[in-house]
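The values are calculated or read from the model by the stated rules, or taken from the named source; none is laboratory data. Predicted model, so just to flag it, every value in this text is computed and none were measured. Cβ placement follows ideal geometry from the backbone for every residue including glycine, while neighbour counts extend to all protein chains displayed. The area values use the complete protein model at the heavy-atom level, side chains included, leaving out ligands, DNA and RNA. Shrake-Rupley method; radii C 1.70, N 1.55, O 1.52, S 1.80 Å.
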Amino acid sequence: MKLTQTATIHVRADRKRAHKINPFIFGHFVEDIRDHYDAMLAYSLRTMDFEEEGDGRGVSGAWYPFTNGRNTVFALEPPAPRHSGHAQKIRIYCDDQCYAGIAQRTSVKGNTDYRVRIYARASIELKTMTVEIVDAASRDTLCRAQVELVSHDWREYTLTLRPARTCSDAEFRIIISSEGEEWLDSIATGILWIDHVSMICEDRVGVVKREVFEMARALNPGIMRIGGNHISAYHWRHGVGPLDERPHMINEAWNMMANKTFGTDEFLKFCEDLQAEPLICVNDGSGTPEEAASWVEYCNGGADTPMGALRAANGRTEPYRVKYWEVGNEVWGPWQVGHCSAEAFARRFISFAKAMKAVDPGIKLLACGHTDPEWNRTVLEIAGEYIDYLTMHIYQGYGHYGFIHAKVSREERYKAIVSYPEWTRRAVEQAEALIRSNPRYRHVKLAITEHNTMYYPNTIRKGLPNEHTLEAAVANAGNLNEMIRQSHLIEIANFSDLVNGWLGGCIRVGDYYADQFRGKEPGWSGKRDVVYGTPTYHVMRLYANRKLAHVVESEVECGVFGFTGLAPNTSFEGLPVLDVVSCIDESGEVLTIFVVNRGLEAVEADIRLDGFPATGQARVYELTGDDIDAINDVFRPEHITVTERKIRFEAPMLKFTLNAHSVYAFEVTR
């Protein structure tokens, strides 16, 4: 990439746009996909209800059996009343004078309380069970409790375990024994049935790990979305009420067990704790308008309404007052439950809108849009009057340019990825032209409810995903600049995802780097509990915590670059190496200039400030690194992060050297 070494940025702070930048453009997104919730939530065990079918050993999912008995039986049987999943049966014989139990691998923090809950029953000659956590490698006991078994009928047993030290490769065990006991073995002796086992770390906020919560809070997310492919087959009633009584369902989008521990109340508590506005995507794929309307009533109805009364019975008397509701997640895609044509969706949307607004006329509705203008044209023409926001999912990856399987240089691939702002601009300008074309739907705004780099299918670099690189952060920063420039129309945006999940989660928990098809098992590094942010996490945090109210005019003179895609209409020329957007706060006292150097060389920049009597001091935030493929991981969790420093300059000209492939925010005060 041949670039000039100098650039001029001219900021006219007295020329501000009238519209206000909505902080919702720095939103985030949670979904039930892969290990998103496992990584995010404070529950330490999986397969807590033995919900998965046995594998021939008589146990379920993550559990495995152990015994020194010759005749011990492990089997899955029907669950307790009102519960789903299975009951785990463990049978030992007195004649064997043995022990037996079930165990699974986990990780624990030392000197921290873990609340354990077990739903069980036992044959009358079994008097106790032992619950313990050991170091799986050394076999050292980290903590242990003995629980008295008091009934042949189902009972809930609760206890607290406090591991003596941190262990990333621990083993949780439940054990019964006939050693030293005397009973006459017969048809139903020596049996323990376990219906539910959970262990939750008390160092948490709600049901979310404290470290994850603190990192999410630092992102200052204006709005938090729950949605994704799974939502098109999700029935909200399955995720409310007593945890044990919530049914186990298959996540039809990802062919895995659906999560039932992070339902409506848990999500909304998470949003309240974050002080983030919730955005709920409803099931329009396999659901009905009536089901969506009842969800609105559960969240927003008074305690004197049927669903409001159910919410109150579940522990929340006051309504949540959820304002933003999305109908349809990627309905245009054949991978979506309920996939249909634009015309069919638009008519479906109207029925949902009428039912939902009949419950609460004050809600705002988001309709499933597309980067394809023909889809948007049809949806707006049929349902425009009912729509408050048209959604888009804008991902940036090799697929746009025909680069997935092609022999293309690393530099060309880089140039394609960092052209993210131009890709977004094309989609937004096409949508805006449609919206402005008819007064019937000229009120509609845009919501980019999913955005990120997506290199799928991933190119494996040292076993690590490209979504975690400095390159991805540079591309995503440019995209944020574009959404700020388009903030007259874009009012909501949600980065995809928040935690682990598919490759793009900006908060990472542990060492699970695997892409869609390959990777290593969790725990291989011995640092299973390390929580850190990707380079893009630090970009999102940087942007969301600045004081921004209005866009002000910026002009840039700098080098340009281009590349030739292999797919139709994907060749770009004359793209500015520096992507710049400038903003001023409501008071007019703070001017922020975001600069992304998309080039592979450093640039000497002269930043001229007009219409802003600066003090001659600026605070500079910088995200940089020597290698576009640099990442953060469990070994170097802050290898690429934002640094902050103060500089002096002779107003109105600020001179600064911008490192290659780096992101900057210059914060100047009067």
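Short version: what are the Cα gyration tensor semi-axes of region 406-450, square root of 5 times each eigenvalue, largest first, in whole Å? Let's see the in-between values first.
Working: eigenvalues 216, 20, 9 Å².
Working from the Cα gyration tensor, I get semi-axes of 33, 10, 7 Å.
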note = Output ordering of 361-370, 55-64 (per-residue mean of other Cβ within 10 Å, highest first) is 361-370, 55-64
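Let me have the 222 nm mean residue ellipticity of the chain computed from DSSP H runs of 4+ only, each contributing -39500 (n - 2.57), with the sum over all residues rounded to the nearest 500. Present the calculation step by step, with values, prior to reporting the outcome.
Working: 11 runs with 125 residues, N = 670.
Calculated mean residue ellipticity at 222 nm is -5500 deg cm²/dmol.
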remark   = Sorted by chain and then number, the residues having a modelled amide H within less than 5 Å of the amide H of ILE492, at least 5 places away or on another chain, are ILE448
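Report, as a whole number in µm² per second, the diffusion coefficient that Stokes-Einstein gives for region 25-154 at 20 °C and 1.002 mPa s using the Kirkwood radius over alpha carbon pairs.
Numbers: Rh = 17.0 Å.
Result for D is 126 µm²/s.
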remark   = What one gets for region 323-374 as the Kirkwood radius, inverse of mean 1/r over different Cα pairs in Å, is 11.7 Å
task = Using only the C-alpha atoms of region 19-65, find the volume of their convex hull and express it per residue in Å³.
result = 97 Å³
Listed residue (PRO242, LEU470, VAL197) projecting farthest to the positive dipole end of the chain, Cβ model = LEU470
remark   = With the 1.4 Å probe rolled over protein heavy atoms, the chain has an accessible area per residue in Å² of 38 Å²
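Using Cα-Cα distances under 8 Å and only pairs 6 or more residues apart, what relative contact order does region 479-615 have, in percent? Write down the numbers at each step before the final one.
Numbers: 171 pairs, mean separation 22.0, N = 137.
Computed value for region 479-615: 16 percent relative contact order.
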note = Along principal axes, largest first, the alpha-carbon spread of region 511-670 in whole Å comes out as 56, 42, 27
inquiry  = Using only the alpha carbons of region 251-348, what is the convex hull's orientation-averaged projected area in square nanometres?
reply    = 7.2 nm²
query = Which is farthest toward the positive dipole end of the chain among VAL147, CYS94, TYR37, measuring Cα position about the Cα centre, with Cβ charges +1 (Lys, Arg) and -1 (Asp, Glu)?
reply = TYR37
query = Binned at 10 Å from 0, what are the whole-percent values of the Cα-Cα distance distribution for region 204-250, short to long?
reply = 20, 35, 39, 6
request  = With no solvent and one equal point scatterer placed on each C-alpha of region 344-384, evaluate the Debye formula and give log10 I(q)/I(0) for q = 0.17, 0.22 Å⁻¹, two decimals.
outcome  = -0.45, -0.69
ask   = What Kirkwood hydrodynamic radius do you get for region 148-258 when you take the inverse of the mean 1/r over all pairs of distinct Cα atoms, in Å?
value = 19.2 Å
message = If you average the alpha carbon positions of region 146-185 and of region 618-635, how far apart do those two centres end up, in angstrom?
response = 47 Å
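With a 1.4 Å probe and all protein chains left in place, how much of the accessible area of region 610-670 comes from carbon and sulfur atoms, in whole percent?
Numbers: 1320 of 2980 Å².
Solvent-exposed carbon and sulfur of region 610-670 make up 44 percent of the total.
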note = Normalised Cα Rg of the chain, dividing by 2.2 N^0.38 Å with N its residue count, works out at 1.06
